[in-house]
Each structure stands twice: as structure tokens, then as C-alpha cells.
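What follows draws every value from the coordinates through simple rules; no lab data is involved. Not measured: the values here are computed from a predicted model. As a convention, Cβ positions derive from the backbone with ideal geometry for all residues, glycine included, and neighbour counts pool all protein chains shown.
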Amino acid sequence: MASTGDALGRPTDVELTQRILDATIELLAEHGYPGLRIEHVAKLAGCGKNAVYRRFADKAELAAEALRSHGELGEMPDHGNVADDLLEHVLQNQANQVRAASGETPVGNNGWRVAFEPEVFPIIWERFFSHRRDQGIELILRGAARGELPADVDADLILDTLAGLTLFRQSIKGVPITPEQYRAMIAAVLASPPRGGDST
């Protein structure tokens, strides 16, 4: 059986970091971002505050990393056509938003609210959301290179439209979106795609 600590029974650095992130998620679920305190995280994780600050500069970085640890970047879709690639991309976005907003992670309903805190959002954008966006841009530009879309397609606007649908309809209104509905929206957008983008 693999060891869960060092020779003296102390948690490894990786294990302690995970305990800190798990404690952060639990406290965010209970108190939200305004009520998050580093000293409470340290107490719940069984470490000192210095152990938290050695890993995270402040509570904004701590919250962002805790949320990021529960998101899935997902594989880069490559079905040979942009419609199926976009469908897989938006379904991964949907799965991440469900986990953050519907209680499938311990943070429960506070997940997406925490992500949009002004201090947290720039950090989680840089470490997670921007990578998801880069994947989406790449698959749309790949479709343009195959001739499925115009060369000057506005990939950003397409991605914003589909992401906004998931955020508003599912995460805010609480109305589930089926794959068939996503397919219909993707087909409508691709039938007359926005142009004039500069996604390269």
C-alpha cells in the first residue's frame, strides 16, 4: 500500500496542499467568499497559517485554486467537423458549471459566485478559463482552415454566445440544457457565423 506521509508520519507537501484546498472548498460552501478566513482554513486543514501562505499569496488565490482543482480542462475535441467539436467543448463547459453551481462539488451553490468575485476572477481566468477559451478558439479556427467557416469568423463571439447560454439558462435560471438543444444552437450559429473576428 502506498504511503500517505513521510517516514515520520507527517503529510507530504502534496497531501497538505490538497487538505488546504479541500478545507477551502468546505468553508466556501458554508460561508461564501466574504466569510473565508485563512486562519479557519489552516485550522480545518490541521496546519499553521504560514503553511497556507507558503502556497497561496492571499485568499483570492486560495479560492481560485480551490475552484480550479474541481474543474476539468477536458481533451481537445477532434471529430473532423466543427459542429461536433463545439458540442463536445460546450458539454465540458456545462459539466464544469454543473459541478460549480448545482452542488456536485462540496462548494455547492457558492461555486460560480466565488469564481466571479472581482479578486478571484482574474486568477481563475488566467489559470483555467483562458485555457478552455484557447481550446475553443483553436477548434473554430481549425474549422475555418477546413473551409467550414469563413476565414474572418469571430471565434470569440461564438464561444461567448454558447458559454453565456449555459451560464444564464442553466447556472442562473436553473433550466437544464440538453445536447439536442446545444446542437440546434450550434447549427444556428454556424449557419450564419459572426465575422470580423481577430482570434489569431
Using 0.36 nm per residue, how much length does the chain from residue 119 to residue 54 gain when fully extended, once their Cα-Cα distance is taken away?
21.5 nm
Quick check of the Kirkwood formula: for the chain, what is the inverse mean of 1/r over all pairs of different Cα atoms, in Å?
18.5
Go through 14, 57, 31 and say which Cα lies farthest out towards the positive end of the charge dipole of the stretch 13-69; charges sit on Cβ, +1 for Lys and Arg, -1 for Asp and Glu.
57
What is the sum of charges, Lys and Arg at +1 and Asp and Glu at -1, for the other residues whose Cβ falls under 13 Å from the Cβ of residue 59?
-3
Just add up the charged neighbours of residue 142: K/R +1, D/E -1, any other residue whose Cβ is under 10 Å from the Cβ of residue 142.
-3
Sort 53, 33 so the one with the fewest other Cβ atoms within 10 Å of its own Cβ comes first.
53, 33
Long-range amide H partners of residue 117, meaning residues 5 or more apart or on another chain whose placed amide H is closer than 5 Å, are none
Measure nothing but the geometry: give the 0 to 90° angle between the long axis through the Cα atoms of 59-68 and the longest principal axis through the Cα atoms of the chain, rounded to 10°.
60
By how many nm would the segment from residue 168 to residue 146 grow when fully extended, if each residue of separation counts as 0.36 nm and the alpha-carbon distance is taken off?
4.7 nm
Any lysines with Cα under 20 Å of the residue 59 Cα? List them, leaving off those in the same chain fewer than 8 positions away.
43, 49
Given the -39500 (n - 2.57) contribution per DSSP H run of 4+ residues, what per-residue ellipticity at 222 nm results for the chain, rounded to the nearest 500 deg cm²/dmol?
-17000 deg cm²/dmol
Considering only C-alpha atoms, what is the centroid distance from the stretch 154-197 to the stretch 22-37, in Å?
31
First select every other residue whose beta carbon is under 15 angstrom from the beta carbon of residue 184; then total the charges, Lys and Arg +1, Asp and Glu -1.
0
Stokes-Einstein, Kirkwood over Cα pairs, the stretch 13-69, 4 °C, 1.567 mPa s; D in µm²/s equals 121
In this structure, the FRET efficiency calculated for residue 70 and residue 161 from their beta-carbon separation, with R0 = 25 Å, to the nearest 0.05, is 0.50
Any idea how far apart residue 134 and residue 95 come out in nm if each label point goes 7 Å out from Cα toward Cβ?
2.1
Karplus-derived 3J(HN,Hα), 6.51/-1.76/1.60, for each residue of the stretch 112-125, Hz, glycine and proline x
6, 5, 4, 4, 9, 4, x, 6, 8, 4, x, 6, 6, 5
